[in-house]
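Notes for the one structure printed next.
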Amino acid sequence: MAALRYAGLDDTDSEDELPPGWEERTTKDGWVYYANHTEEKTQWEHPKTGKRKRVAGDLPYGWEQETDENGQVFFVDHINKRTTYLDPRLAFTVDDNPTKPTTRQRYDGSTTAMEILQGRDFTGKVVLVTGANSGIGFETAKSFALHGAHVILACRNMSRASEAVSRILEEWHKAKVEAMTLDLAVLRSVQHFAEAFKAKNVPLHILVCNAGTFALPWSLTKDGLETTFQVNHLGHFYLVQLLQDVLCRSAPARVIVVSSESHRFTDINDSSGKLDLSRLSLSSSDYWAMLAYNRSKLCNILFSNELHRLLSPRGVTSNALHPGNMMFSAIHRNSWVYKLLFTLARPFTKSMILKP
């Protein structure tokens, strides 16, 4: 093939020759996909053989991977002073024969965040993750960034957020990642964040509502609401409302809400089955930290379901998730009781370094 010869490689396998109008490309993490310029679509399987492939090993000596102004990956041969959009490793691809998942589940507790996104290219996508300076949020943001997305870390503590950005850039210096200030405990901060984000004039393809708090003593925010309820639910609710128009313009887009299995252990209805608003932002006399957390997570579920019903016809989906039982993170740091409990249970929990 002419493109292979231009890259200094020869076509040695006629079985893999592409039909007219097709092009072979690679993602940043080395997975091969195929672009059909006639039908304007892409697919992972070779159009002739039906096989999936990945490139083997690092780039040859003297080669470097770059990204152009349109987000397209290209390759620079510094020795021969030439560029090409064809990955020089394509001559050394290996077949990918993944084990078929069981009917029970595709991923489990040992699955890493990087494995979830394996083979996916998010170049050109904008991803916003709240509470992304540590824990689940950081691993999520890092995985998206290392797969080509423009990732925005929305955090209350900008010092820690900047450190998180630096850690991601240490893994890949060309990652497109930045931090912005967002304090969900202050609705004015949420408003200012939304205004600052819109001023960037960028789309929003994925919004991950991850930030949260747990086991706080009773307190009210500056807005006069119980803190756990506002940080875990209402702040995100307000953020999505303010960015709803951007999400719809960016369709297909999605909202991911990090909830918890503990939402099952509470209710927000009164004895007659009607919504009891007093159960949302609890008074000091009715407050119990675990109860407040459970109810905020139930609100997450209800919000996500209704958001999907309203926006899915406009190309914006919404899903809520449970990150896993006894996920070890710093969310318990506000209570010595829960800190002790989580420390004792740590050998049986997921590692934040490895798991999404």
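Length gained on full extension, H78 to S219, computed as 0.36 nm times the residue gap minus the Cα-Cα distance: 44.7 nm.
Note on R167 and L275: the extension gain reaches 34.4 nm, defined as 0.36 nm multiplied by sequence separation minus the Cα-Cα distance. Proximity of backbone amide H atoms, modeled 1.01 Å from N, is registered between T111 and no other residue at under 5 Å, excluding neighbours fewer than 5 places apart on the same chain. 3J(HN,Hα) along region 147-163, derived from phi through the Karplus expression 6.51 cos²θ - 1.76 cosθ + 1.60 where θ = phi - 60°, amounts to 9, x, 6, 8, 10, 10, 8, 9, 9, 6, 9, 6, 5, 5, 5, 5, 5 Hz, with x in place of Gly and Pro.
Taking the Cβ-Cβ separation of K198 and K51 as r and a Förster radius of 56 Å, what is the calculated FRET efficiency to the nearest 0.05?
0.80
Here r is the Cβ-Cβ distance between W288 and N157 and R0 is 25 Å; the resulting FRET efficiency, rounded to 0.05, is 0.40.
Can you give the local net charge around E163? Use residues other than it whose beta-carbon is closer than 14 angstrom to its beta-carbon, Lys and Arg +1, Asp and Glu -1. Charge balance near E163 sits at +1. With the whole protein complex present, W31 retains an accessible surface near 40 Å², based on a 1.4 Å probe. Other residues whose C-beta falls under 13 angstrom from the C-beta of E195 contribute a net charge of +2, scoring Lys and Arg +1 and Asp and Glu -1.
Exposure check, 1.4 Å probe, all protein chains in place: R54 carries approximately 100 Å² of accessible surface.
Partners of K48 within straight-line reach, counting aspartates and glutamates whose Cα lies under 17 Å from its Cα and excluding those fewer than 8 residues away in the same chain: D11, D13, E15, D16, E17, E23, E24, E39, D95, D96. Backbone N atoms of region 218-260 closer than 15 Å to the 7 Å Cα→Cβ label point of E306 belong to residues 233-242.
The values are calculated or read from the model by the stated rules, or taken from the named source; none is laboratory data. All values reported here derive from a predicted model rather than from experimental measurement. Please note: Cβ atoms are built from the backbone with ideal geometry, for glycine as well, and neighbour counts cover all protein chains shown. Just so you know, the surface numbers come from the protein's heavy atoms only, side chains and all, with ligands and any DNA or RNA stripped out. Shrake-Rupley method; radii C 1.70, N 1.55, O 1.52, S 1.80 Å.
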